[in-house]
Amino acid sequence: MLILLGIPIMQMILFGFAISTEVKNVKVAILDPTPSEETRQITERIGKSEYFVITSYISDINEIDLAFKRYKADAVVAFSPHFAENLYKLEGAQLMLIPDASDTNLSTTVNMYMNGIIGSYLSENKPTANMPGVTANIRMLYNPQMKSSYNFVPGIMGFILMMICAMMTSIAIVREKEMGTMEVLLVSPVKPIYIILSKMIPYFTISCINFATIMVLSVFLLDIPMVGSIFWISVISLIFITTSLSLGLLISTLTDSQMAAMLVSGAVLMLPVIALSGMIFPVESMPWTLQLLSHIVPAKWYIAAIKKLMIEGLPVGYVMKELGILLVMTLLLIGVSLKKFKNRLA
């Protein structure tokens with residue numbers, strides 16, 4: 001009854017607020033080597049827009065890549081030197097838009113919104129009718145070909161691994177209860193931690209095969225570039241697999257039948273993973289309550305880390321936050337599963 005009555009409420013909330021392709025709160029960094037009244041006005045228009053949030057001002061062109069690597073910016077607006085002076089010359093001023101094109105939907109929307117803001121400024125403040133005003137050059141970072149697979153493949157990896165792992169282990173312990181073999185385990189000298197880990201190891205092996213298959217298909221079938229370290233991509237993927245298996249074990253200890261376990265792991269987990277992990281819909285565009293809720297979705301941190309390592313080719317030091325969060329989640333889920341398992345022994 002909880003599933004039947006709760007899922008429609010969850011669907012209405014997520015479909016109504018979370019599932020939206022509209023891009024908001026895009027982090028923008030500004031490069032303005034020669035500040036002027038004109039660049040200040042354009043920057044203010046960008047900051048006042050509901051679509052952008054100016055997070056930093058950079059002083060050198062070499063800091064652009066660093067702003068993306070540290071996730072201080074999803075896009076950079078770079079004014080050319082002497083922008084205000086060139087604005088009144090025949091050749092016009094130059095402005096470069098640099099979005100993170102690993103998310104093709106974000107980069108396309110950013111270009112459209114930015115061109116609209118700049119066009120609105122020029123229509124109100126253009127020096128003369130015969131002068132070109134501003135020429136906006138676009139540089140697509142990390143995905144110059146604008147292939148959509150660069151965006152959805154890391155998300156699909158997180159979704160497949162989490163759903164398969166959680167669904168497999170969610171019936172591991174509850175199956176023993178239904179078959180009547182749990183009594184044998186309860187009277188044996190085996191400690192609960194070993195029972196839980198023994199239920200995880202076979203599915204861990206199967207999940208590793210699934211991960212290897214997904215990687216081969218991504219590289220050789222979908223032409224996803226393996227820019228980063230394969231070793232660290234594998235390490236964080238194995239940690240994420242362990243996290244997902246631990247979540248499935250927790251579900252298995254909390255349910256009393258395989259049907260209930262499958263419903264919880266399938267129906268209840270599927271919507272949050274799709275809507276709140278950032279695999280399809282931008283988390284930044286959601287209400288702040290759903291943004292906070294997305295922090296407890298393991299797939300969100302895995303997808304973010306895989307994009308940094310696989311698509312952007314960043315060193316492992318830039319994914320230590322995601323790595324640490326997944327490790328903490330794994331230990332927490334195993335600890336709670338162990339506690340719940342002990343309670344059932346009493």
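The values are calculated or read from the model by the stated rules, or taken from the named source; none is laboratory data. Here the structure is a predicted model, which is why all the values come from computation and not from measurement. Here the Cβ positions follow ideal geometry from the backbone for every residue, glycine too, while neighbour counts run over all protein chains shown. Areas reflect the complete protein model, heavy atoms only, side chains present, ligands, DNA and RNA absent. Shrake-Rupley method; radii C 1.70, N 1.55, O 1.52, S 1.80 Å.
In debye, nearest 20: dipole of the chain around its Cα centre with unit charges on the Cβ of K, R (+) and D, E (-)?
Here the size comes out at about 1140 debye.
Taking trypsin sites (Lys or Arg not before Pro) as exposed when DSSP calls them loop and at most 12 other C-beta atoms lie within 10 angstrom, the chain has its longest site-free stretch at 90-346. Computed over the chain with a Gaussian network model linking Cα atoms closer than 10 Å, the most mobile of Gly317, Gly248, Gly228 is Gly317. Could you tell me which of rounded, prolate or oblate describes the stretch 37-93, using a ≥ b ≥ c as the square roots of the eigenvalues of the alpha-carbon gyration tensor, with rounded for a/c under 1.5 and, failing that, prolate when a/b is larger than b/c and oblate otherwise? In terms of gyration-tensor shape, oblate. Taking GluC sites (Glu not before Pro) in DSSP loop states with no more than 11 other Cβ atoms inside 10 Å as exposed sites, the chain has its longest site-free stretch at 92-346. Working from label points 7 Å from Cα in the Cα-to-Cβ sense, the Ser148 to Met259 distance is 3.9 nm. In nm², what is the average projected area of the convex hull enclosing the Cα atoms of the stretch 229-285? Mean shadow area of the hull around the Cα atoms is 5.2 nm². I need the shape label for the stretch 177-256. Rule: rounded when a/c is under 1.5, else prolate if a/b > b/c, else oblate, with a, b, c from the alpha carbon gyration tensor. Judged from the Cα gyration tensor, the stretch 177-256 comes out prolate (a/c at least 1.5, a/b above b/c). Full extension of the segment from Val328 to Glu91, taken as 0.36 nm per residue of separation minus the current Cα-Cα distance, would add 79.7 nm.
Pairs of Cα atoms nearer than 8 Å and 6+ residues apart set the relative contact order; for the chain it is 20 percent. The distance between label points at Glu44 and Met112 comes to 2.8 nm (points 7 Å beyond Cα on the Cα→Cβ vector). The helix-based estimate of mean residue ellipticity at 222 nm for the chain, built from -39,500 (n - 2.57) per DSSP H run of four or more residues and divided by its residue count, is -19000 deg cm²/dmol to the nearest 500. Taking a ≥ b ≥ c as the square roots of the Cα gyration tensor eigenvalues, the stretch 276-346 comes out oblate, since a/c reaches at least 1.5 and a/b does not exceed b/c. Cβ-Cβ distance of Ile61 and Glu124, R₀ of 30 Å, FRET efficiency by 1/(1 + (r/R0)^6): the value works out to about 0.55. Once Rg and the Kirkwood radius are both taken over the C-alpha atoms of the stretch 192-238, their ratio Rg/Rh works out to 1.14.
Probe of 1.4 angstrom, ligands and nucleic acids ignored: what's the accessible area per residue over the stretch 228-294, in square angstrom?
On the way: 2480 Å² over 67 residues.
Result: 37 Å² per residue.
Residues in the stretch 315-328 carry Karplus couplings, in order, of x, 5, x, 7, 10, 5, 4, 5, 4, x, 5, 5, 5, 5 Hz; the curve used is 6.51 cos²θ - 1.76 cosθ + 1.60 with θ = phi - 60°, and Gly or Pro positions show x. One decimal place: the segment His295-Met179 gains 38.1 nm when fully extended, by the rule 0.36 nm per residue minus the C-alpha distance. What a 1.4 Å probe finds exposed on the chain is 67% carbon and sulfur by accessible area, rounded to a whole percent. Near the amide H of Leu31, within less than 5 Å, lie the amide hydrogens of Ile58, Val77, Ala78, Phe79, all on another chain or at least 5 residues away, with H placed in the peptide plane.
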